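Here the structure is laid out as structure tokens; the discussion comes afterwards.
The values are calculated or read from the model by the stated rules, or taken from the named source; none is laboratory data. Keep in mind it's a predicted model, so treat the numbers as computed, not measured. Cβ placement follows ideal geometry from the backbone for every residue including glycine, while neighbour counts extend to all protein chains displayed.
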Amino acid sequence: MQIQSGKDLLGLRELPEADIESILKTAASMKEIFTRPVRRVPPLIAKNIVTLFYEPSTRTAASFHLAARMLSASVNNIQVTSSSVKKGETLIDTVKNLEAMGMDAVIIRHSMAGAPHLVAQNIKGSVINAGDGFNEHPTQGLLDIFTMREKKGKLKDKKVLIVGDILHSRVARSNIWGLKTLGAKVTVVGPPTLIPKDIEKTGVTVSYNLDKEIKDADFVNVLRIQLERQEAGLFPSLEEYHKLYGINAERLKKAKNDVVVMHPGPINRGVEISSDVADGPYNVILDQVTNGVAVRMAVLFLLLGGKRAKR
């Protein structure tokens with residue numbers, strides 16, 4: 001175990017700045033491996049990793065799988081839809097059985113907030129939260145921060161807008177905790193119905209006026225409208241949402257010339273972001289995807305026996 005705060009990565013809310021810095025610095029060295037003719041290194045060759053996703057995923061699941069394979073770990077992807085879960089097996093019984101088979105770490109995504117924490121309390125191996133309910137998605141937060149640091153260096157006093165469906169977003173929460181720890185100024189922007197009550201207590205500023213806030217923003221991190229999670233009637237229409245909170249070329253004319261547009265994916269084109277922005281020079285969306293592999297390599301490396309990066 002090389003992340004000082006514990007054997008697991010469950011969230012960014014209480015992750016110390018030193019651990020965030022160690023992950024980011026290690027991720028930078030991991031990204032260098034992408035340029036090699038053979039993109040595989042041996043530090044986790046004896047480790048067995050299981051991905052256990054109770055919710056659908058493309059980017060996160062594939063990213064963790066590639067990260068583990070590039071570190072030479074053995075990876076087993078459990079298909080929950082065809083597992084003993086369908087026979088009534090509990091989450092704890094599932095992970096204890098996997099650990100009895102020699103599992104060293106489990107990467108879990110679950111619809112229930114706190115599920116990874118429950119698993120971590122019941123097994124000796126490392127647990128990595130790949131998204132739990134509306135709570136957190138720590139590696140997404142870390143890869144977003146890593147991408148911001150690549151583009152503009154230290155984040156202290158940088159203004160970051162998080163735009164959209166804050167209420168249902170675990171990505172927003174991990175971003176908020178990590179960015180605040182590193183000294184960024186965070187403003188959440190969206191319709192009043194999509195802003196959680198008392199979110200100001202996390203240290204962010206709340207605004208409902210994107211055109212005002214975008215003028216001096218360094219980063220605009222746009223969230224997906226999670227239609228599958230929402231109750232009906234949280235905003236009148238997708239067209240009206242895009243008019244008020246969508247990122248398009250016309251709106252970006254009000255922003256700084258070096259503003260960086262981000263999105264965790266998948267994009268609802270024409271809703272959160274117009275196609276001219278999604279395919280244009282302002283966004284770093286594909287950089288985020290690439291950086292996700294490097295960040296997850298760093299997390300696996302540090303949790304499962306690697307050395308801390310020097311500060």
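The figures follow:
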quantity	calculated
Among (1) touching a strand residue (DSSP E or B) at 6+ places or on another chain (Cβ under 6 Å); (2) not assigned by TED's automatic domain parsing to the domain that holds residue 56 - the single one residue 105 does not satisfy	(2)
Selection status of residue 281, within 16 Å of residue 165 (Cβ to Cβ), assigned to a loop (DSSP other than H, G, I, E, B) and either of a type outside the set (Asp, Glu) or touching a Leu at 6+ places or on another chain (Cβ under 6 Å) (or both)	no
Pairs, first assigned by TED's automatic domain parsing to the domain that holds residue 246 in the stretch 207-228, second in a loop (DSSP other than H, G, I, E, B) and exposed (fewer than 12 other Cβ atoms within 10 Å of the Cβ), C-beta under 7 Å, six or more apart	224/266
Residue list for the stretch 243-275, filter: farther than 17 Å from residue 140 by Cβ, in a loop (DSSP other than H, G, I, E, B) and among the acidic types (Asp, Glu)	258
Residue match in the stretch 258-269 (condition: of a type outside the set (S, T, N, Q), modelled with pLDDT of 90 or more and more than 24 Å from residue 179 (Cβ to Cβ))	yes
Subset of the stretch 145-188 [of a type in the set (D, E, K, R) and either over 13 Å from the mean Cα position of the chain (by Cα) or not assigned by TED's automatic domain parsing to the domain that holds residue 226 (or both)]	149, 150, 151, 152, 154, 156, 157, 158, 159, 165, 180, 185
